[in-house]
Amino acid sequence: MARHKKKIMVATRALERAGSYTDWLEAAAELDRLEESDAWREDPRSPHYDHELISDHLTRMRACREARDALGLRRLLEESLHRNLGDLSNQALYEYSYMGTKRLIEDYLDEIERSFCWLRDTPLPGFSTERKLEVVKGALHLFGRSALTLSGGGALGLFHLGVVKAMWERGTLPEIISGASMGAIVAGGVCARDDVALAQMWESVDTIHRTATRIQSPMRWGESGSILAPEQLREHVEANLGEYTFAEARARSGRVLNIPVSPVRRRQKPRLLNCLTSPDVLITDAAIASCSLPALFPPGKLRRRVEGGGLEPYIDGEVWVDGSIYSDVPAQRLGRLLNVNHFIVSQANPHVIPLSAIERRRGAVSTAADFLAGGARAQARHALNTARRRLGDSQWRTPLEFAHAMAHQDYTGNINIYPRFKARDLTKLMKNPTLDELQGFIRAGERATWPRLAMIRDQTRISRVMVACVRELERRQAGVRRSEGPLA
């Protein structure tokens with residue numbers, strides 16, 4: 001028994017010290033073996049999902065595909081294409097094994113992928129490429145998309161680089177990425193680079209511009225209304241993002257960048273900028289505005305590129321501030337604009353992480369702390385509601401609006417990734433990181449993401465398969481049109 005416990009301790013240390021995902025997987029597999037979690041994975045039964053329903057759908061899909069019953073398979077896929085069929089997305093299914101979840105669930109997802117690829121590639125009577133494309137697009141619209149949202153957090157938000165890197169290397173990085181404040185800079189840098197440029201960035205992180213802040217002289221504080229130099233932030237953002245518009249970034253990387261910004265003017269509403277709502281707006285301006293925390297940086301202006309390459313103001317006269325004030329995780333807008341109904345949240349805000357840690361822990365002490373924290377949040381929200389109602393037209397209007405918005409936000413998603421920061425890391429909040437510190441943030445992001453990759457892989461798989469099928473069918477359709485040539 002003592003020897004067995006020692007082996008578990010050795011494997012646990014190897015897991016915590018893993019320098020790569022390969023090393024982490026090796027240690028995770030050993031821990032699963034030692035703790036007999038691999039046996040749990042092989043047994044399809046669990047109170048956390050309807051294994052009989054999943055098994056039935058798997059058997060019927062396989063039978064339809066092997067019998068070449070395209071119509072029956074299509075109907076069955078329509079029944080199966082629900083994101084949480086049989087409680088399939090229950091997070092409890094990923095708490096027993098480091099390597100993933102039930103083999104039955106993985107087999108079910110394998111069969112859905114094989115079925116879509118079979119329908120895409122098999123010549124079927126009455127199913128032209130155009131008809132197949134229409135069917136798959138319709139299925140994707142009903143199923144919904146996944147998005148990665150990157151929070152604010154000052155320099156601590158560099159943690160997001162490691163989160164993105166871990167997901168990108170395993171092919172699970174969503175096409176739709178949103179970022180607020182520091183998260184906007186990271187999201188913008190990722191969405192302004194294609195995969196070749198991203199690979200080069202990971203290989204040479206010393207090329208990332210790291211000087212974002214510089215304290216101004218007290219004489220300039222009153223002139224600019226900010227403690228930190230806005231020109232230094234602009235230099236940092238332009239060096240890392242380039243001078244692209246949202247539409248140009250989309251064309252360059254294939255990814256959809258989203259940046260929330262908050263207005264200063266009272267009657268304006270927060271906006272989610274992307275290639276649909278603001279295709280010609282510069283992503284550098286949007287990222288700067290989303291980083292403009294009042295008192296630290298002055299509000300930012302947005303510009304759009306016009307025909308001929310010139311620039312003009314976007315909503316002339318309006319200035320914008322930190323997007324995380326109103327929409328750190330802009331779930332509602334992403335859902336309406338881009339059909340997103342599944343959110344992976346990388347959260348680095350120092351005012352959110354402690355509360356999330358309490359919520360994640362188990363036991364009597366943590367439960368009591370969660371009750372107390374919930375009561376404190378409710379009281380704070382009630383106080384802000386009262387103050388906003390009674391003092392809404394006074395000089396306190398703007399700070400009250402900001403505080404109210406921050407207190408009433410939901411900072412979580414379907415899958416949440418949190419850093420393991422220490423108290424001393426708070427001293428780095430507005431600090432320009434050294435190269436060693438940047439690499440440390442990236443490693444922290446990777447290590448926090450590795451345990452979540454199995455869940456991310458499984459819960460984004462169906463939509464990724466359908467997107468890949470749509471891309472391939474569109475390519476084939478375009479090829480048919482080119483071969484037909486121009487109409488006579």
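From Val164, Val237, which residue is at pLDDT 95 or above, within 12 Å of the chain's Cα centre (by Cα) and of a type outside the set (Phe, Trp, Tyr)?
Val164
Are there any pairs with C-beta distances below 8 angstrom linking a residue in the range 452-471 that is modelled with pLDDT of 95 or more and part of a helix (DSSP H, G or I) to a residue that is among the acidic types (Asp, Glu) and buried (at least 18 other Cβ atoms within 10 Å of the Cβ), with the two at least 6 apart or on different chains, and if so which?
Here the result reads Val467/Glu175, each pair linking the range 452-471 to a residue that is among the acidic types (Asp, Glu) and buried (at least 18 other Cβ atoms within 10 Å of the Cβ).
Of the conditions (1) touching a strand residue (DSSP E or B) at 6+ places or on another chain (Cβ under 6 Å); (2) farther than 20 Å from Leu25 by Cα, Ile417 satisfies every one except a single condition; which number is it?
Tallying (1) touching a strand residue (DSSP E or B) at 6+ places or on another chain (Cβ under 6 Å); (2) farther than 20 Å from Leu25 by Cα, Ile417 fails exactly one: (2).
If Leu334 satisfies every condition in (1) farther than 22 Å from Gln232 by Cβ; (2) open to solvent by 20 Å² or more (accessible area, probe 1.4 Å); (3) of a type in the set (A, V, I, L, M, F, W, C) but one, which is the exception?
(2)
Among the residues that make up the range 124-132, is at least one of them in contact (Cβ under 8 Å) with a residue 24 or more places away in the chain and either open to solvent by less than 20 Å² (accessible area, probe 1.4 Å) or under 22 Å from the mean Cα position of the chain (by Cα) (or both)?
Checked the range 124-132: no residue is in contact (Cβ under 8 Å) with a residue 24 or more places away in the chain and either open to solvent by less than 20 Å² (accessible area, probe 1.4 Å) or under 22 Å from the mean Cα position of the chain (by Cα) (or both).
Would you check which residues across the range 75-112 are assigned to a helix (DSSP H, G or I) and open to solvent by 60 Å² or more (accessible area, probe 1.4 Å) and list them?
As a first pass, look at the range 75-112 and keep what is assigned to a helix (DSSP H, G or I): 75-80, 85-87, 91-94, 103-112.
Arg75, Glu78, Glu79, Asp87, Gln91, Arg103, Asp107, listed by residue number.
Can you run down the residue pairs with Cβ atoms below 8 Å, 6 or more apart or on separate chains, where the first is in the range 294-322 and more than 14 Å from Ser181 (Cβ to Cβ) and free of Cβ contacts under 8 Å to residues at least 24 places away in the same chain and the partner is in a strand (DSSP E or B) and of a type in the set (Val, Ile, Thr)?
Filtered contacts from the range 294-322: Arg303/Val281.
Restricting attention to the range 134-155, does a residue exist that is under 21 Å from the mean Cα position of the chain (by Cα), part of a helix (DSSP H, G or I), β-branched (Val, Ile, Thr) and within 30 Å of Gly300 (Cβ to Cβ)?
no
Give the range 113-122 a look and list any residue that's exposed (fewer than 15 other Cβ atoms within 10 Å of the Cβ) and acidic (Asp, Glu), or say none.
Correct list: Asp121 only.
Scan the range 269-281 and tell me whether some residue there is at pLDDT 95 or above, more than 19 Å from the chain's Cα centre (by Cα), open to solvent by 40 Å² or more (accessible area, probe 1.4 Å) and closer than 19 Å to Val329 by Cα.
Among the residues of the range 269-281, at least one is at pLDDT 95 or above, more than 19 Å from the chain's Cα centre (by Cα), open to solvent by 40 Å² or more (accessible area, probe 1.4 Å) and closer than 19 Å to Val329 by Cα, which makes the answer yes.
Can you tell me which residues in the range 35-68 are charged (D, E, K, R), under 19 Å from Tyr94 (Cα atoms) and without any contact (Cβ under 8 Å) to a residue 40 or more places away in the chain?
If we filter the range 35-68 for residues that are charged (D, E, K, R), which is where we start, we get 35-36, 38, 41-43, 45, 50, 52, 56, 60, 62, 65-66, 68.
Subsequent filtering for residues that are under 19 Å from Tyr94 (Cα atoms) retains 35-36, 38, 41-43, 45, 50, 52.
Those that are charged (D, E, K, R), under 19 Å from Tyr94 (Cα atoms) and without any contact (Cβ under 8 Å) to a residue 40 or more places away in the chain: Glu35, Glu36, Arg45, Asp50, Glu52.
Identify all residues within the range 196-227 that are touching a Phe, Trp or Tyr at 6+ places or on another chain (Cβ under 8 Å) and either loosely packed, with under 13 Cβ neighbours inside 10 Å or assigned to a loop (DSSP other than H, G, I, E, B) (or both); write none if there are none.
The answer is Ile227, and nothing else.
Which members of the range 418-442 meet the condition of being open to solvent by 50 Å² or more (accessible area, probe 1.4 Å), under 22 Å from Ala18 (Cα atoms), out of contact with any helix residue (DSSP H, G or I) (no Cβ under 6 Å at 6 or more places or on another chain) and not in a loop (DSSP other than H, G, I, E, B)?
The answer is Asp436, Gln439.
Spot the failing condition for Arg131; the list is (1) part of a helix (DSSP H, G or I); (2) modelled with pLDDT of 95 or more, and only one is missed.
Of (1) part of a helix (DSSP H, G or I); (2) modelled with pLDDT of 95 or more, only one is false for Arg131: (2).
Here's a check for you: in the range 295-307, which residue that is under 19 Å from Cys275 (Cα atoms) and in a loop (DSSP other than H, G, I, E, B) is most open to solvent (accessible area, probe 1.4 Å)?
Glu307
Which of the residues that make up the range 7-26 are touching a helix residue (DSSP H, G or I) at 6+ places or on another chain (Cβ under 9 Å), without any contact (Cβ under 8 Å) to a residue 40 or more places away in the chain and among the aliphatic types (A, V, I, L, M)?
Ile8, Val10, Ala11, Ala14
Out of Asp56, Asp38, Asp23, report the one residue that is under 30 Å from Arg120 (Cβ atoms), open to solvent by 20 Å² or more (accessible area, probe 1.4 Å) and of a type in the set (Asp, Glu).
On the way: Asp38 fails: under 30 Å from Arg120 (Cβ atoms); Asp23 fails: under 30 Å from Arg120 (Cβ atoms).
Only one candidate qualifies: Asp56.
Report yes if some residue within the range 179-187 is among the hydroxyl-bearing types (Ser, Thr, Tyr), free of Cβ contacts under 8 Å to residues at least 60 places away in the same chain, open to solvent by 10 Å² or more (accessible area, probe 1.4 Å) and assigned to a loop (DSSP other than H, G, I, E, B); otherwise report no.
No, because not a single residue in the range 179-187 is among the hydroxyl-bearing types (Ser, Thr, Tyr), free of Cβ contacts under 8 Å to residues at least 60 places away in the same chain, open to solvent by 10 Å² or more (accessible area, probe 1.4 Å) and assigned to a loop (DSSP other than H, G, I, E, B).
Looking at the range 324-337, is at least one residue within 30 Å of Gly222 (Cα to Cα), in contact with a helix residue (DSSP H, G or I) (Cβ under 6 Å, 6 or more places away or on another chain) and modelled with pLDDT of 85 or more?
Scanning the range 324-337 turns up no residue that is within 30 Å of Gly222 (Cα to Cα), in contact with a helix residue (DSSP H, G or I) (Cβ under 6 Å, 6 or more places away or on another chain) and modelled with pLDDT of 85 or more.
I'd like the full set of residues that are in a loop (DSSP other than H, G, I, E, B), touching a residue at least 24 places away in the same chain (Cβ under 8 Å) and either farther than 15 Å from Cys291 by Cβ or out of contact with any Asp or Glu (no Cβ under 8 Å at 6 or more places or on another chain) (or both), limited to the range 251-277.
Result: Gly254, Arg255, Arg265, Arg266, Gln268, Pro270, Asn274, Cys275, Leu276, Thr277.
Given (1) touching a residue at least 24 places away in the same chain (Cβ under 8 Å); (2) in contact with a Phe, Trp or Tyr (Cβ under 9 Å, 6 or more places away or on another chain), where does His4 come up short, assuming only one miss?
Answer for His4: the failing condition is (2).
The values are calculated or read from the model by the stated rules, or taken from the named source; none is laboratory data. These numbers were taken from a predicted model, which means no experiment stands behind them. Neighbour counts are summed over all protein chains in view; Cβ atoms, including those assigned to glycine, are modelled from backbone coordinates with ideal geometry. Side chains are part of the model used for accessible areas, which takes the heavy atoms of the whole protein and leaves out ligands, DNA and RNA. Shrake-Rupley method; radii C 1.70, N 1.55, O 1.52, S 1.80 Å.
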